[in-house]
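Report on the following structure.
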Amino acid sequence: MEFLVSIIAIALMVIGAFGVIFMKKPLDKVIMFDIMDAGFVLVIVLFKYMDVALFAALAGPLSTLIFILSIVKIKEVRTNKIAGGDASD
């Protein structure tokens with residue numbers, strides 16, 4: 001049973017990593033990052049580091065929230081630059 005769970009955890013991390021690399025939209029990258037984070041927490045639990053797993057489980061949603069806020073802010077800044085006439089980044 002533990003072998004099956006480890007295969008699932010590795011698959012989640014690999015799918016999430018490839019998704020972060022190859023996805024184009026920022027929100028899709030955040031979703032793939034969360035999938036990768038779920039696999040990572042599962043691997044930590046399999047190695048029986050419950051205190052580290054607790055911290056990772058609490059830090060994951062916070063980092064996702066920070067990523068989403070930064071995406072919204074970057075989009076806002078870019079639209080203001082385009083509306084102001086400065087199209088160069």
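The values are calculated or read from the model by the stated rules, or taken from the named source; none is laboratory data. Predicted model only: the values in this text are computed from it and were never measured. Heads up, the Cβs are rebuilt from the backbone with ideal geometry, glycines too, and the neighbour counts pull from every protein chain shown. The area values use the complete protein model at the heavy-atom level, side chains included, leaving out ligands, DNA and RNA. Shrake-Rupley method; radii C 1.70, N 1.55, O 1.52, S 1.80 Å.
Output yes when any residue across the range 32-42 is out of contact with any Gly (no Cβ under 7 Å at 6 or more places or on another chain), open to solvent by 100 Å² or more (accessible area, probe 1.4 Å) and of a type outside the set (K, R), and no when none is. There is at least one residue in the range 32-42 that is out of contact with any Gly (no Cβ under 7 Å at 6 or more places or on another chain), open to solvent by 100 Å² or more (accessible area, probe 1.4 Å) and of a type outside the set (K, R). Against the criterion of being outside any helix (DSSP H, G or I) and at negative phi, K29 does not qualify. Set side by side, the residues K48, K73 differ, and just one is among the basic types (K, R) and either surrounded by 10 or more Cβ atoms within 10 Å (Cβ to Cβ) or in contact (Cβ under 8 Å) with a residue 12 or more places away in the chain (or both), which is K73.
Right, I82: farther than 30 Å from V14 by Cα, open to solvent by 70 Å² or more (accessible area, probe 1.4 Å), assigned to a helix (DSSP H, G or I) and without any contact (Cβ under 8 Å) to a residue 60 or more places away in the chain or not? Taking the combined requirement at face value, the residue satisfies it.
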